[in-house]
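Peer 1: Structure provided below as structure tokens; questions to follow.
The values are calculated or read from the model by the stated rules, or taken from the named source; none is laboratory data. Since the model is a prediction, treat every value here as computed from it, not as a measurement. Quick reminder, even Gly has a Cβ in these numbers, built from the backbone with ideal geometry, and neighbours come from all protein chains shown.
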Amino acid sequence: MSRPARSARLSRAIQTLAVAACALVAQPAGAHAHRLALQPLQPLQRTGAPLLPAPDRLRARPLRIALAARTRARASTAVFRTGDGVPIAVQVSSAYTPSPAVEQSYVNLLGGLVHGPELGKLRVYIATPAQIQRTFCGAGALACYVGDEERMYVPGVNQHSDPPVQFLIAHEYGHHIELNRSDAPWSAFDQGAKNWASYEDVCSLERRHKIGTTYFNDPSEAFAESYADMQYAGVDFIYTDLLAPDQSAFRAIRADVLNPWQGPHTVTLRGSGARTFQLATPLDGSASFDLSASGGASYRLRVLSGTRAVRRSSHSASAAGGYLVCGARNLTLRVTKVAGSGSFTLNASIP
């Protein structure tokens, strides 16, 4: 599907949501008889056309902080458990009549997504489309994730949502994963989790100003959308083609969820005389190199990316300092004897 056609479909979906939001604002408040009914999650229907993506917002705090706090204070709150026993607090807007069965279905859906222990930190607020746009998330949003609260705001009316609420929930959960992962020295909340960001070459693309400037080339959004795509096939990916997912991207995301990066590890290399080592660097991030020698020997280290020297020690038995791995998938380490007859030890810390 061409990008103009995608944009047209997305615009129509947002316009439909806006009409629904206005209708909900017009509903009388107060009496329970006038509350809206929470709608059960509907099975995903395959019509041949791709699902729309999830136009959302990623926020540190709600759009209108004070109003959001007052709105949440009026909500009903209950704790439901996933099939594997994880408790999740669900709040339902006072505009709706609470429905434990529907709320449990939201939690069941979350429990069925690929997840780790971060699921137990999540909070869910089921809002009206009007509240999502005007109180919590922002204009044009179908849903949002608020990082300071570790809470997703999602709608309780399915017929006004294209893509379906299931996909919105999966997309927002992708943001929750980012918040609970590391991509040091960068923020995974901004750039996606470590394995995915390295596979998609986020660091290099940002250096060249190819991504990270608009909503549609934001790596955080592309990660969340790719995570949702991994759960629900056949979604129209409207974000930049530079970050469009494939099976390798899905494998990287699965690794980020189930076996997240815990920090750099050290590779120790030893020898004597002149030696050259090839060091694999499958992940982007900070690397450092520390060279020491024994028996009064003196050595020098050069670190090369391709044919370009990126770090070197100016004196023997000294650290070569740090280097930011950004797109390089292997480094060459050349150790040269300057004087003496002892051996060397080279400790390389890599992402």
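Peer 1: Can you name the residue in segment 89-142 that is in a helix (DSSP H, G or I) and hydroxyl-bearing (Ser, Thr, Tyr) and, of all such residues, is surrounded by the most Cβ atoms within 10 Å (Cβ to Cβ)? Spell out how you get there, then give the answer.
Peer 2: First pass over segment 89-142, keeping only residues in a helix (DSSP H, G or I): 100-112, 117-121, 129-136.
Still in the list and also hydroxyl-bearing (Ser, Thr, Tyr): 105-106, 135.
Numbers: 105: 17, 106: 24, 135: 21.
In this case the residue turns out to be 106.
Peer 1: Then there's this: Does residue 247 count as of a type in the set (S, T, N, Q) and under 25 Å from residue 60 (Cα atoms)?
Peer 2: Details: of a type in the set (S, T, N, Q): yes; under 25 Å from residue 60 (Cα atoms): no.
It is false that residue 247 is of a type in the set (S, T, N, Q) and under 25 Å from residue 60 (Cα atoms).
Peer 1: While we're here: If you check residue 286 against the conditions, is it touching a residue at least 60 places away in the same chain (Cβ under 8 Å), farther than 25 Å from residue 340 by Cβ and small (Gly, Ala, Ser)? Quick ask: steps written out before the conclusion?
Peer 2: Details: touching a residue at least 60 places away in the same chain (Cβ under 8 Å): yes; farther than 25 Å from residue 340 by Cβ: yes; small (Gly, Ala, Ser): yes.
Considered against the rule, which asks whether it is touching a residue at least 60 places away in the same chain (Cβ under 8 Å), farther than 25 Å from residue 340 by Cβ and small (Gly, Ala, Ser), residue 286 comes out as yes.
Peer 1: Which residue is farthest from residue 176 (Cα to Cα), if the candidates are limited to segment 211-225 and must be at pLDDT 95 or above and part of a loop (DSSP other than H, G, I, E, B)?
Peer 2: Here the residue is 211.
Peer 1: Across segment 226-264, which residue is modelled with the lowest pLDDT among those that are closer than 16 Å to residue 115 by Cα and acidic (Asp, Glu)?
Peer 2: Ranking the qualifying residues of segment 226-264, first place goes to 229.
Peer 1: Related question: Go through the residues of segment 159-174 one by one and say whether even a single one is at pLDDT below 95, polar (S, T, N, Q) and in contact with a helix residue (DSSP H, G or I) (Cβ under 7 Å, 6 or more places away or on another chain).
Peer 2: Within segment 159-174, one or more residues are at pLDDT below 95, polar (S, T, N, Q) and in contact with a helix residue (DSSP H, G or I) (Cβ under 7 Å, 6 or more places away or on another chain).
Peer 1: Here is a follow-up. Please verify whether segment 80-96 includes one or more residues that are under 25 Å from residue 193 (Cα atoms), in contact (Cβ under 8 Å) with a residue 12 or more places away in the chain, in contact with a Ser or Thr (Cβ under 9 Å, 6 or more places away or on another chain) and not hydrophobic (A, V, I, L, M, F, W, C).
Peer 2: No, segment 80-96 has no match at all.
Peer 1: Considering segment 233-252 alone, what residues qualify as being outside any helix (DSSP H, G or I) and either touching a strand residue (DSSP E or B) at 6+ places or on another chain (Cβ under 7 Å) or among the basic types (Lys, Arg) (or both)?
Peer 2: 234, 235, 236
Peer 1: Here's another thing I want to ask about it. Any idea which of 281, 268, 345 is in contact (Cβ under 8 Å) with a residue 12 or more places away in the chain, among the β-branched types (Val, Ile, Thr) and within 21 Å of residue 183 (Cβ to Cβ)? Give the steps one after another, and end with the answer.
Peer 2: On the way: 268 fails: within 21 Å of residue 183 (Cβ to Cβ); 345 fails: within 21 Å of residue 183 (Cβ to Cβ).
Residue meeting the stated conditions: 281.
Peer 1: When both residues are 6+ apart or on different chains and their Cβ atoms are under 7 Å apart, which pairs have a first residue that lies in segment 35-50 and is among the polar types (S, T, N, Q), and a second that is modelled with pLDDT of 55 or more and assigned to a loop (DSSP other than H, G, I, E, B)?
Peer 2: 39/156; 39/157; 42/164
Peer 1: In segment 195-210, which residue that is assigned to a helix (DSSP H, G or I) and either among the aliphatic types (A, V, I, L, M) or touching a Gly at 6+ places or on another chain (Cβ under 7 Å) (or both) is surrounded by the fewest Cβ atoms within 10 Å (Cβ to Cβ)? Walk me through it before giving the result.
Peer 2: Taking segment 195-210 as the starting set, the residues that turn out to be assigned to a helix (DSSP H, G or I) are 195-199, 202-207.
With the extra rule that they be either among the aliphatic types (A, V, I, L, M) or touching a Gly at 6+ places or on another chain (Cβ under 7 Å) (or both), the set shrinks to 197, 202-206.
Values: 197: 31, 202: 28, 203: 20, 204: 15, 205: 20, 206: 19.
Out of the qualifying residues, it is 204.
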